[in-house]
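Peer 1: After the structure tokens below, expect a handful of questions from me.
The values are calculated or read from the model by the stated rules, or taken from the named source; none is laboratory data. In this text, all values refer to a predicted model and were calculated from it rather than measured experimentally. Because the Cβ atoms are built from the backbone with ideal geometry, glycine has one as well, and the counts that use them run over all protein chains shown. Protein only, heavy atoms only, side chains kept; ligands, DNA and RNA dropped before computing areas. Shrake-Rupley method; radii C 1.70, N 1.55, O 1.52, S 1.80 Å.
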Amino acid sequence: IAMFNEEETIKKTIESALNLKYPKGKLEIIVIDDGSKDNSLSIATKFEGMQKNGIKVRVLHQENTGKGGALNAGLKIAKGEIIVTMDADTYADKKSLSAMTRFFKKPEVMCVTPSMVPYKPKGILQRIQHAEYLLGIFLRSAFASVNAEHIAPGAFSAYRKHFFDKHGGYEKGNITEDLELTFRIQYNGYEIENCPEALVHTVAPTKFKEILIQRRRWYTGLIGNTIKYRKMFSRKYGDLGTFVLPIAWISIFISVFFLIYMVIKGISNVMAEISYLVSINFYFGNYLQFGKYFFEKLFFTYLTDPVILFFLLFIGLMTFYAKYATRKIGNTGNLPISLFIFLFLYPFFFGFWWVMTFIYSIFNKKIVWR
């Protein structure tokens, strides 16, 4: 567990790890404080030496080096054959780890991923992420079935320590160190499995600025790691190289185009209509009437656009994906509300996040983990 200024969540995270059901004496917890400025270290230190269910907690402290450097410090002293990285704001179901480790019976498997959902989602932004994570559960399971999983969340993924010993630890300074490691595993010809039944909760951002910063880092990291491992776009890497990765990037460009297209078309149509009304001396009366007309016209423009037909197809697919996920992991909250909000807002948010990411990349704006 690598942490940096996580005083609000680290106690619950360590307690979650201590409550994992696993054979006695076979599990150790290593907490690495990466130069926190708050009370994270003092909170974690209270668990040091504590033993519960045969699990011992060790706490390390170092100057800030970034998440990759902190995880590498833990790797150096870890004794187990399987390494599990756990974010400091993550809470795992008691049976998750034991369910995941059974996939390591196959020697080629170097990583196993769980099913992740936001912790007690509330508000519009967290409900959007709730539906997004449910979609991720379906896709991760589908990709794993054809050995094409390319995103292993660092929040609670399990790795074979042999891989780190042979191919090195986390790439220090990489802003998406978990993504780089996932690509590296696939690049070296190993397999990544998924355990849909392993449920893990993560604390999702609640503010628009927070989620924008998070996604900007994720997407910038995706760009950098894709360029680094661009040779994976080939038949040599099976479905991952010939289908999954190309389609992933095509969908990103379509989303950005969709956002720009809908915004420009909607505003231009409305402005043209308003210009016509002004030319015939039409008077709205007040700003309230003008605002009502503007949004009604905008809504009508979008509703009658043929592109919306593809959006309706997307709604059907999303509903299917979400139902699959809830069957695998059980009840995860008020799904209909989350799904409704997601379907009508996420395409615009997703496109906006990517537009901001491209702007930062074009102008060489530096993005760091902390």
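Peer 1: Among the residues of the range 37-50, count how many are part of a loop (DSSP other than H, G, I, E, B) and hydroxyl-bearing (Ser, Thr, Tyr).
Peer 2: Of the residues in the range 37-50, 0 are part of a loop (DSSP other than H, G, I, E, B) and hydroxyl-bearing (Ser, Thr, Tyr).
Peer 1: For the range 99-121, give me each residue that is within 17 Å of Ala142 (Cα to Cα) and out of contact with any Gly (no Cβ under 9 Å at 6 or more places or on another chain).
Peer 2: Met100, Phe103, Val109, Cys111, Val112, Thr113, Pro114 - these are the residues of the range 99-121 that are within 17 Å of Ala142 (Cα to Cα) and out of contact with any Gly (no Cβ under 9 Å at 6 or more places or on another chain).
Peer 1: Next question. Does the range 243-252 contain any residue that is at pLDDT 95 or above and among the hydrophobic types (A, V, I, L, M, F, W, C)? It would help to see each step written out before you state the result.
Peer 2: From the range 243-252, those at pLDDT 95 or above are none; that's our starting set.
Looking for residues that are at pLDDT 95 or above and among the hydrophobic types (A, V, I, L, M, F, W, C), one finds none in the range 243-252, hence no.
Peer 1: Just checking, which of Ile43, Ile55 is touching a Lys or Arg at 6+ places or on another chain (Cβ under 6 Å) and among the β-branched types (Val, Ile, Thr)?
Peer 2: Ile43
Peer 1: For the range 12-30, give me each residue that is crowded, with 16+ Cβ neighbours inside 10 Å, without any contact (Cβ under 8 Å) to a residue 40 or more places away in the chain and closer than 17 Å to Ile77 by Cα.
Peer 2: Once the filter is applied, which keeps residues that are crowded, with 16+ Cβ neighbours inside 10 Å, without any contact (Cβ under 8 Å) to a residue 40 or more places away in the chain and closer than 17 Å to Ile77 by Cα, the range 12-30 yields only Ile29.
Peer 1: Additional query: Report whether or not Lys231 is part of a helix (DSSP H, G or I), touching a Gly at 6+ places or on another chain (Cβ under 9 Å), at pLDDT 95 or above and more than 26 Å from Met356 (Cβ to Cβ).
Peer 2: Against the criterion (part of a helix (DSSP H, G or I), touching a Gly at 6+ places or on another chain (Cβ under 9 Å), at pLDDT 95 or above and more than 26 Å from Met356 (Cβ to Cβ)), Lys231 qualifies.
Peer 1: What residue, of Thr13, Thr85, Thr65, Thr90, is among the hydroxyl-bearing types (Ser, Thr, Tyr) and in contact with a Gly (Cβ under 6 Å, 6 or more places away or on another chain)?
Peer 2: Only one candidate qualifies: Thr85.
Peer 1: Report, by residue number, each residue of the range 342-370 that is modelled with pLDDT of 80 or more and aliphatic (A, V, I, L, M).
Peer 2: Leu345, Val355, Met356, Ile359, Ile362, listed by residue number.
Peer 1: What's the total number of residues in the range 222-272 that are in contact with a Lys or Arg (Cβ under 6 Å, 6 or more places away or on another chain) and in contact (Cβ under 8 Å) with a residue 24 or more places away in the chain? Before the answer, list the steps.
Peer 2: First pass over the range 222-272, keeping only residues in contact with a Lys or Arg (Cβ under 6 Å, 6 or more places away or on another chain): 242, 270.
Next, only the ones that are in contact (Cβ under 8 Å) with a residue 24 or more places away in the chain stay: 270.
Residues meeting the conditions: 1.
Peer 1: Go through the range 51-162 and tell me which strands (runs of 3 or more DSSP E), entirely inside it, have 2 or more residues that are open to solvent by 50 Å² or more (accessible area, probe 1.4 Å), on the phi < 0 side of the Ramachandran plot and not hydroxyl-bearing (Ser, Thr, Tyr). Before the answer, list the steps.
Peer 2: On the way: elements: 55-62, 82-86, 90-92, 109-118, 156-160.
Hits in the range 51-162: 55-62.
Peer 1: Which ones in the range 182-220 are among the hydrophobic types (A, V, I, L, M, F, W, C) and either open to solvent by 30 Å² or more (accessible area, probe 1.4 Å) or touching a strand residue (DSSP E or B) at 6+ places or on another chain (Cβ under 9 Å) (or both)?
Peer 2: Filtering the range 182-220 down to residues among the hydrophobic types (A, V, I, L, M, F, W, C) leaves 183, 185, 192, 195, 198-200, 203-204, 208, 211-213, 218.
Selection gives Ile185, Ile192, Cys195, Ala198, Leu199, Val200, Val203, Ala204, Phe208, Ile213, Trp218.
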